[in-house]
1. Based on Cβ point charges of +1 for Lys and Arg and -1 for Asp and Glu, what charge dipole magnitude is obtained for region 137-235 about its Cα centre, in debye rounded to the nearest 20?
2. Dipole of the chain, Cα-centred, from +1 at each Lys and Arg C-beta and -1 at each Asp and Glu C-beta, to the nearest 20 debye?
3. Rank by packing, highest mean first: peptides 362-370, 316-324, with packing defined as the count of other Cβ atoms within 10 Å averaged across residues.
4. Rounded to the nearest whole Å³, what is the per residue volume of the convex hull around the Cα atoms of region 231-288?
5. Please name whichever of I347, G184, P330 sits farthest to the positive end of the charge dipole of the chain, dipole taken about the Cα centre and charges placed at Cβ: Lys and Arg +1, Asp and Glu -1.
6. Can you list residues whose amide H is under 5 Å from I364's amide H, if they're 5+ apart or on another chain and H is modeled 1.01 Å from N?
7. Which of K116/K153; K42/K132; K226/K267; K153/K211; K132/K177; K101/K130 have a Cα-Cα distance over 20 Å?
8. Once you place label points 7 Å from the Cα toward the Cβ at E7 and I215, how far apart are they in nm?
Amino acid sequence: MANVRLENITRRYNTTIAIEEINFEVPDGEFWVLVGPSGCGKSTVLRTISGLETATSGNVYIDNLLVNEIPPRKRDVAMVFQNYALYPHLSVAENLAFGLKMRGVDATKTQEIIQKVAQSLSIEHLLNRKPKQLSGGQQQRVALGRAIAREPKVFLLDEPLSNLDAQLRDDTRAELKQLHQRLGITTIYVTHDQVEAMTLADKIVILHQGKIQQIGDPQSVYSRPKNRMVATFLGNPPMNILPITYGNSLFWIANKSLTFPSAIREKLQPQEGQKFDLGIRPEHIQLTTSPEIVDDLQQDVWAFEQVPLDVEVSVVEPLGRETLVRAYIPQTDQYSIQFQVPIQHRIHPSDRLTVKLDLNQILIFDSTTGQTLYP
């Protein structure tokens, strides 16, 4: 096992910058996940660590050894790709043994390792089959097993679950996490699926347009995102973003004014006419039909934590345990909002509802840069 450290890694293709100034260190034995939208550079980072890509500038260290000039086969890392890359003419046992054979491990030792790895992945009954006789989940386990059999210092996994159906992906994700807990091998995992990132990672690295946006443990990044991109990328359904404006000593959303606590005003120090983005997650929005709340809607100034929004439903999506409601503030185009309600609530498109927001859970972003201004 080993730590992995990247120092100022940049990769350019002619005039195109794939990744820029990437800096992080994965401690020995931890499971880190690189996550971000397609094209953000996460696979390029992984391939640079493995040696399949050469950094334009910067240094890569594995186990505190500079590996910039060391070829991939000598870096002692094992990489599992999205397409598994199994040899179709070899049996499962032969696929598992291939890396060991290339390294000159004797036959008896190889057989012991294969049996141990196959048992840990519950594929011992598949050892005589060819890859075409396996399901997608079984092929994925064989690909992992081939990497495990090598006993590398570092695992590099590039979207290994993306070819699996939803149920199998969930099951295999849990197995992968248990496997890491048993083996304790330093692992770097690439995915665009934020659910995978949240459930698997000790630490998450969020990338966008080739740059690191934030690094942290899943819950910290989810609850305290550094900018609007991170806030809206992590979470399903994503965070709601509502434009607000400061004017006449009040904050305004659409044509309604809001009363914020003095702490928010003091931290923001808003100027007349200044615009912000208010962020709140769907789980922090509650449906209410309380008479006193409805009566308060007639007031020009709302107490934000009590009477946030009057909305009109546009789409209703039953999810089984709950219902996702997509709505908008009447007479506006840019003020859309989504929230979840218990399945027993009978809601239909065009219904008018009143919802309240949890003031303790809101975030305020700079409307231009997207940086988090509050809390």
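The values are calculated or read from the model by the stated rules, or taken from the named source; none is laboratory data. Values in this document were obtained by computation on a predicted structure and should not be read as measured data. So basically every Cβ, Gly included, is an ideal-geometry build from the backbone, and we count neighbours across all protein chains shown. Ligands, DNA and RNA are excluded from the accessible area calculation, which covers all protein heavy atoms including side chains. Shrake-Rupley method; radii C 1.70, N 1.55, O 1.52, S 1.80 Å.
1. 360
2. Once rounded to the nearest 20, the dipole reads 1520 debye.
3. Highest to lowest by the protection proxy: 362-370, 316-324.
4. Expressed per residue, the convex hull around the Cα atoms of region 231-288 is 110 Å³.
5. The residue sitting farthest along the positive end of the dipole is G184.
6. So I364 has HN proximity to G279, L373, Y374.
7. Correct reply: K42/K132; K153/K211; K132/K177.
8. Roughly 1.4 nm, to one decimal.
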